[in-house]
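**Q** The structure follows.
The values are calculated or read from the model by the stated rules, or taken from the named source; none is laboratory data. It should be emphasised that the depicted structure is a prediction, and the values quoted were computed from it without experimental measurement. For neighbour counting, all protein chains shown are included, and Cβ atoms are generated from backbone atoms with ideal geometry for every residue, glycine included.
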Amino acid sequence: MRKVVKLEGIPLTEGHSGLYLEVEDGIVERGIYYALVPVRGFETLLLGKDSRVAPTITTRICGLCQVTHAIASVRAIEDAAGIEVPPEAEKLREVLGLAVRVYNNLLHQIIISEDLFPEKKEQLGFIREVQEVRKFAGMVLETIGGEIIHSPNVKVGGISEPLEEFVKDKILCRLSDILLKLQASFSLFREKLDDLWKREGLDEEFGKHNLSFFATDPYYGKKIDFERFSFVLPQEILEAGLKRRASNLFPVIDGKPFETGPRARAVLFRGYKPKGGVKELHLLRAQENLDALKRIGEILESGRFDGELWNRKTPSSDGETLGIGVHEAPRGTNVHAVKIDKSGKIIYYKIVVPTEINFFAVSEALRGVPATKVEFIVRAYDPCIVCAAH
Amino acid sequence: MVGLNRRFLIGDFRGAFVVEGKGKNPIESIFRLMIKHKFIDGLLTCSKTGDSPKLILKSDEVELPSRNTCFGVNSLLKRAIQKYRFSRLAVYAPACTFDGLNKTQYFGIGCNWTKTAISLKVGFLCPGLLTENGFTAEVSDITGKPGKVERFYFDRGELFYLLEDGSSVKVSPSIHHHYINSACRYCLNMAAKGTDITCVSLKEEDKVLFIVRSERGWSTLAHLQKVSPGEVLFRKADGELLTSVENFLREKILLNIADIVERVELGLPVPKWNDNKLRKFYRIWNSVDVNFEEEVF
Amino acid sequence: MFYRDRLSFEEEDFKLKVGFLHFSSCSGCQVAFLDMFEEAVEILDTVELVYSNMLTKRRDIPRMDVAFVEGALCVEDPHHINLLREVGKKAKVIVAIGGCAAFGGVRRLSCGNQLPQPQSQTFVPVTEVEFLRTKVKYAIPGCPPNPSLLYSFLLALLEVNEDFLLPFELMTSSTKASGFDIISEVVNKGFCVGCGTCSTACPTRAISFNRECGKPSFNSNLCVHCGSCLAACPQSFKPYPQPVYV
């Protein structure tokens, strides 16, 4: 029997989102995933503002992966205005990006912990362990970025405050300890994930799709050609009631849908052979935490960051050059594109966030799974709906 | 009615001492020792001239503001606590800075986890803050020509400035009241009541009156004497000295109260959310049976 | 404190039912709760978290004692209108948490005209909604509020510490608070002592310190209207009675 199921609000995910499912005998034939959080208009509210304000405002797109928007934004403006950034500042930005990756991926583990731990006592114990590592990531964000959420130190032209050696040492001396803690919680996470898959009767290939992967760098982000993006409007593919409510665009790259995120980075840069299915997505995301922490240590040990890290040149451009800023956010490739005029005012702003790219990936992964289990697919992608409806 | 007694003017304290630093400023010596013996990991205060906030990390860099000017100390709180991650911070500033700091500690507003990061609060008795231009105008008013103020001190219940040329100038409260920062004209806490220790600078540069208020202030000083005896000498302050400080405060606070009363009677605006603190004081000032100790102004 | 009325005679069993609701915002305020780190776990253990789309599996909004509401209401969004009615019905007390819910925050800048729903342009902080006027009891400033503020606030809520809560109650009646207030309400009115607390409280570093004058200097471009500065200013309100830390 064929029927249409519309779900609104997916528990244990960020924000308010929905699923449109065409179900045949309990199995999803076609599914579309979309955001239902109202559009806040970050692309239009920035128009006419001084470009130096952009990171302060764009970081407030998201409270989970805050600094990634600030980084993508400043990189786009620097690209448009041709501002050189001290290499140490770029490294510190990379550290901030990696810290937020750990901070945010672990938040995702906390969010889905109710799935993993049927016992509340065990769940709280797990959260307590994870929180210790998040606290460390928060400390990195706070010392280098200025605040845990919405870092004010990421500025156009660099980082506004140097990192003194003794502060750096405070971070480094705790790193190995935290790595051990993270490894322990990773093993527990893996074990409980296996249990969940068994309990729910899911197989290893649950949520497999055939899409290609998109990522620009394992850690930081490399410039891409913005022309490759085109956007499908929800009005084009959704039915009447949803047309007027879905608040995200569906970006496609070279006309095709892609998956971005931890698996894409593993496949493209670490030679990982994907098994398909969403379980590995959880594991690869958790693996990225370990890699990120090690990389933070490497970067901080590689040099000194206590000099001037900020090129205070006033941004100015011809109004034609499209500046592109790319950052590999926890959930995938985050792209900001900007045009600024001679006085440094923003005259064009466009944001493509990883969750938007993944909407089609989630939709593809839904094909062929039992309609009762669709939420596990959505949760595996760790969607950030507020980012998507920026 | 508020009685302008010692309890209102100076506040509660455990003991008062005249502290001698053997030729050096004893407060500076004490902070130096505290950093050296790792009692504290940083000292938050102002530069010697008082115009820029400073975070001191090394014992040989300790230098405290010597004039009654000390602005913006709290603007470095986030750097000290959120960036440098200090957990045993000492602060040396006037009362108003501690109003901000106590509030940050109590509510948690402003800077993250300040409550657990401060280990000693040392306030100085402040007759009212001045900017650099304020000093120039005030000194010109008194002496007839501009002069640079080196330090301020109290002697026999009077406020004095030591000028750069070595001369001392007596500053009358009424002239001082004219030139100080506006907010200081409504101040009712010149003796820094919310602190562990209040310092009063005296005529001799190496002598300071310590008014020790809290158990923490008391035990810190005791501990310090134990680890390095003889660096600074403590002598119990005589009643006369405290009375003279009290007399100065009474004279100055009457001017402040007159301003508050005038402001309330004219219905001049008060800031948002403050629950009308000036009007509250006005009511108490004019009523007979209110227990003022529980009020905060 | 009316959420305690019904159970006042069996205090022992009382577990505060708390929910998080989310209007148009970045979720950062809810994350800031978790940024209390270990303390967050204690609090999750102490109160009963009955609703949060991030942390519970519930789809419908149950009755609750305290609803923490973050974000501004988008008038064009039918879901928000429903949510508004629901929370008005289901919550006994509403706490507007964070700049967006309390004072408009960065939502004050929104102007709509963005695909795919260009009509989304009206954003109203919950403190401005007349329908919730009697329910919105407290407003917490900040973008996001400090975890330590949220911790102290929750403790005060559990202990019913009215002295602590009073200023947050006063804040609900002012629907705007930004760096401009530091200038107009404090500096202009002759109450600025130059302590620099506003400058350190500003989450975007929009307030720097003018050393010559000993006063804050405000860059309105960077202000996100979160109210942190005015809330931190010792002249806006003071702890009462004066706290003593020894």
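**Q** Condition first: within 18 Å of A:V326 (Cα to Cα), of a type in the set (G, A, S) and surrounded by fewer than 17 Cβ atoms within 10 Å (Cβ to Cβ). Now tell me which residues in the range A:201-233 satisfy that.
**A** Across the range A:201-233, the qualifying residue is only A:S230.
**Q** What residue, among those in the range C:85-128 that are at the interface with chain A (Cβ under 10 Å from one of its Cβ atoms) and small (G, A, S), is nearest to C:G227 (Cα to Cα)?
**A** Per the stated criteria, the residue is C:G99.
**Q** Being polar (S, T, N, Q) and in a strand (DSSP E or B) is true for just one of B:S87, B:S75, B:S119. Which residue is that? Break it down stepwise before answering.
**A** Numbers: B:S87 fails: in a strand (DSSP E or B); B:S75 fails: in a strand (DSSP E or B).
On inspection, the qualifying residue turns out to be B:S119.
**Q** On the given criteria, is B:G100 facing another protein chain (nearest Cβ under 7 Å), of a type in the set (G, A, S) and either touching a Gly at 6+ places or on another chain (Cβ under 8 Å) or crowded, with 17+ Cβ neighbours inside 10 Å (or both)?
**A** On the way: facing another protein chain (nearest Cβ under 7 Å): yes; of a type in the set (G, A, S): yes; either touching a Gly at 6+ places or on another chain (Cβ under 8 Å) or crowded, with 17+ Cβ neighbours inside 10 Å (or both): yes.
Judged against the criteria, B:G100 is a match.
**Q** Select from the range C:174-184 the residues that are touching a residue at least 24 places away in the same chain (Cβ under 8 Å) and more than 7 Å from chain B (Cβ to nearest Cβ) and write down the one among them that is surrounded by the most Cβ atoms within 10 Å (Cβ to Cβ).
**A** Here the residue is C:I182.
**Q** For C:G112, are the conditions met, namely being part of a loop (DSSP other than H, G, I, E, B) and outside the structural domain of C:S27 (by TED's automatic domain parsing)?
**A** On the way: part of a loop (DSSP other than H, G, I, E, B): yes; outside the structural domain of C:S27 (by TED's automatic domain parsing): no.
So C:G112 does not fit the description; no.
**Q** I want to confirm something. Restricting to the range C:132-166 and keeping residues that are out of contact with any Lys or Arg (no Cβ under 9 Å at 6 or more places or on another chain) and among the small types (G, A, S), which single residue is nearest to C:A67 (Cα to Cα)?
**A** It comes out as C:A139.
**Q** How many of the residues making up the range A:268-282 are crowded, with 18+ Cβ neighbours inside 10 Å and either touching a Lys or Arg at 6+ places or on another chain (Cβ under 6 Å) or aliphatic (A, V, I, L, M) (or both)?
**A** Result for the range A:268-282: 3.
**Q** Continuing with the same structure: Checking C:S27 against (1) more than 7 Å from chain A (Cβ to nearest Cβ); (2) within 30 Å of B:T116 (Cα to Cα), which single condition isn't satisfied?
**A** Against the list (1) more than 7 Å from chain A (Cβ to nearest Cβ); (2) within 30 Å of B:T116 (Cα to Cα), C:S27 comes up short only on (1).
**Q** Is it the case that the range A:238-258 has a residue that's β-branched (V, I, T), under 26 Å from A:T333 (Cβ atoms) and touching a helix residue (DSSP H, G or I) at 6+ places or on another chain (Cβ under 8 Å)?
**A** Yes, there is a match, as at least one residue in the range A:238-258 is β-branched (V, I, T), under 26 Å from A:T333 (Cβ atoms) and touching a helix residue (DSSP H, G or I) at 6+ places or on another chain (Cβ under 8 Å).
**Q** A further question on this structure: Exactly one of these conditions fails for A:P218: (1) outside any helix (DSSP H, G or I); (2) of a type outside the set (K, R); (3) in contact with a Lys or Arg (Cβ under 8 Å, 6 or more places away or on another chain); (4) within 14 Å of chain C (Cβ to nearest Cβ). Give me its number.
**A** Failed condition: (4).
**Q** Pick out the one residue from B:S52, B:S59, B:S66, B:S29 that is without any contact (Cβ under 8 Å) to a residue 24 or more places away in the chain and of a type outside the set (K, R). Spell out how you get there, then give the answer.
**A** Details: B:S59 fails: without any contact (Cβ under 8 Å) to a residue 24 or more places away in the chain; B:S66 fails: without any contact (Cβ under 8 Å) to a residue 24 or more places away in the chain; B:S29 fails: without any contact (Cβ under 8 Å) to a residue 24 or more places away in the chain.
Being without any contact (Cβ under 8 Å) to a residue 24 or more places away in the chain and of a type outside the set (K, R) holds for just one of B:S52, B:S59, B:S66, B:S29, which is B:S52.
Per-residue answers, yes or no, for (1) in contact (Cβ under 8 Å) with a residue 60 or more places away in the chain; (2) assigned to a helix (DSSP H, G or I); (3) out of contact with any Cys (no Cβ under 7 Å at 6 or more places or on another chain):
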position: C:Y138; (1), (2), (3): no, no, yes
position: C:P145; (1), (2), (3): yes, no, no
position: C:F153; (1), (2), (3): no, yes, yes
position: C:L158; (1), (2), (3): yes, yes, yes
position: C:P167; (1), (2), (3): yes, yes, yes
position: C:L170; (1), (2), (3): yes, yes, yes
position: C:V186; (1), (2), (3): no, yes, no
position: C:G190; (1), (2), (3): no, no, yes
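**Q** In the range C:221-240, what residues are of a type in the set (S, T, N, Q) and within 19 Å of C:A102 (Cα to Cα)?
**A** Filtering the range C:221-240 for residues of a type in the set (S, T, N, Q) gives C:221, C:228, C:235-236.
Hits for the range C:221-240 are C:S228, C:S236.
**Q** Across the range A:156-169, which residue is farthest from the other protein chains (Cβ to nearest Cβ) among those that are of a type in the set (D, E, K, R) and surrounded by 14 or more Cβ atoms within 10 Å (Cβ to Cβ)?
**A** Narrowing the range A:156-169 to residues of a type in the set (D, E, K, R): A:161, A:164-165, A:168-169.
In the following step, the residues that additionally are surrounded by 14 or more Cβ atoms within 10 Å (Cβ to Cβ) were identified as A:161, A:164, A:168.
Working: A:E161: 7, A:E164: 8, A:K168: 11 Å.
Across the range A:156-169, the extreme among qualifying residues is A:K168.
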